[in-house]
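Participant: Below you'll find the structure I mean.
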Amino acid sequence: MAGWFDLKKSKNDQFFFTLVAGNGEIVGKSEMYKAKASAINGIESVKKNAPDRARFKDPFEGNGGKWYFSLKARNGEVILSSQGYSSQSAAEDGIGTMQRAADGAPTKDITG
């Protein structure tokens, strides 16, 4: 089941987006962007790069024993970072979830 992107505005007037899976769980968050158009371009980059497993950084253990991964654009820049997972295998499953959620996902602009 495809998910959706939530395009948001932070308290300091920057823009970011989250990718939400079909079940309502947030599976990834972007960096902050100064311009709304840049965040929209980031969403398009996720849609373009998510189908390619080679664009994902393999799961790694972070602080507190949680496991993370990220999606990179062709230029190597991180465009989406995952939530924390309880195990390496759960993070691997999360990559598949992210790929499915991004496929054809619409964008909900909630920047107000």
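Participant: Cross-link partners among aspartates and glutamates for residue 108, C-alpha distance below 18 Å, same-chain residues fewer than 8 apart left out?
Facilitator: Straight-distance partners of residue 108: 6, 13, 25, 31, 44.
Participant: Can you run phi through the Karplus equation (6.51, -1.76, 1.60; θ = phi - 60°) for the range 69-80 and list ³J(HN,Hα) in whole Hz, with x for Gly and Pro?
Facilitator: 8, 9, 10, 10, 7, 4, 7, x, 7, 5, 10, 7
Participant: Modelling each spin label as a point 7 Å along the Cα-to-Cβ direction, I'd like the residue 57/residue 35 distance in nm, to one decimal.
Facilitator: 2.6 nm
Participant: Okay, moving on. For the range 84-100, what does the Karplus curve 6.51 cos²θ - 1.76 cosθ + 1.60, with θ = phi - 60°, yield as ³J(HN,Hα) per residue in whole Hz, taken in order and with x for Gly and Pro?
Facilitator: These are the phi-based 3J(HN,Hα) values: x, 10, 6, 8, 4, 5, 5, 5, 4, 4, x, 4, x, 4, 5, 4, 5 Hz.
Participant: For the range 4-109, go through all pairs of different Cα atoms, get the mean of 1/r, take its inverse, and jot down that Kirkwood value in Å.
Facilitator: Answer for the range 4-109: a Kirkwood hydrodynamic radius of 13.7 Å.
Participant: Calculate, for residue 25 and residue 109, the FRET efficiency according to 1/(1 + (r/R0)^6) with r their C-beta to C-beta distance and R0 25 Å; round to the nearest 0.05.
Facilitator: That gives a FRET efficiency of 0.75.
Participant: I've got another one for you. Calculated from DSSP H runs of 4 or more alone, at -39500 (n - 2.57) each and per residue, what is the 222 nm mean residue ellipticity of the chain, nearest 500?
Facilitator: Rounded to the nearest 500, it is -8500 deg cm²/dmol.
Participant: Would you grab the residues whose amide H sits under 5 Å from the one on residue 79? Only those 5+ places off in sequence or on another chain, please, with H modelled 1.01 Å from N.
Facilitator: Residues meeting the amide H criterion: 71, 72, 73.
Values in this text are rule-based calculations from the coordinates and carry no lab data. Values in this document were obtained by computation on a predicted structure and should not be read as measured data. All Cβ positions, even for glycine, are placed from backbone atoms using ideal geometry, and neighbour counts span all protein chains on display.
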